[in-house]
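Reviewing the structure listed below.
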Amino acid sequence: MTPLLGRVGSLGAALLTGAVTGFALHRAGAPPHWAALVALPAAALALLVGRLPRATDVVWSPPPVEPGGVVHVQASTLATRLAEAAVDPDRFASRVHPRLRRLAQARLRQRHGVPDLADPRAERLLGPELHRLVTDPKAPLPDPKRLAELLEEL
């Protein structure tokens, strides 16, 4: 980013500000040494302001991708629950499965306009294995590699 003024311009603005401030204070009745002493901070401030980056410079980086509200929170919670569920199948049934189901429903609703998992289009869009995993409470947790593939499809 470029500064408001170049080096020479900033220095010139600082000297001008210092001179005007010192002259105004001297005309107001301050002794010359006090006028010069008070003019120094004003000149330094002018120098710093002249070196500030322009507020109107265009930043050409793309805007950050904002994650979807509910889906993002559920996905991060799901990752923690999957680590716990890999050890305990009951945790999968009680903690992971309901969240995975809500995540799939939200994804179907967002991307395809499918209202819920009971819709006939849901199985076709999710695939039979993922559809069974999110609709059948007794569905076993697949191995981590296959589960990652299924979640990637989701």
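Loop-located trypsin sites (Lys or Arg not before Pro) in region 108-154 (DSSP state other than H, G, I, E, B) with a sparse environment of at most 15 neighbouring Cβ atoms within 10 Å: 138.
What's the extension gain from residue 77 to residue 110 if we count 0.36 nm per residue and subtract their Cα-Cα distance? Using 0.36 nm per residue and subtracting the Cα-Cα distance, I get 10.0 nm. Computed extension length for residue 153-residue 44: 33.3 nm, one decimal, from 0.36 nm per residue of separation with the Cα-Cα distance subtracted.
Solvent-accessible surface of protein heavy atoms, probed at 1.4 angstrom with all chains present, puts 21, 80 in the order 80, 21, largest first.
The values are calculated or read from the model by the stated rules, or taken from the named source; none is laboratory data. Since the structure is predicted, the reported quantities are computational estimates derived from the model, not experimental observations. No Cβ is skipped: glycine too gets one built from the backbone with ideal geometry, and neighbour counts run over all protein chains shown. All accessible areas refer to the heavy atoms of the entire protein, side chains included, with ligands and DNA or RNA removed. Shrake-Rupley method; radii C 1.70, N 1.55, O 1.52, S 1.80 Å.
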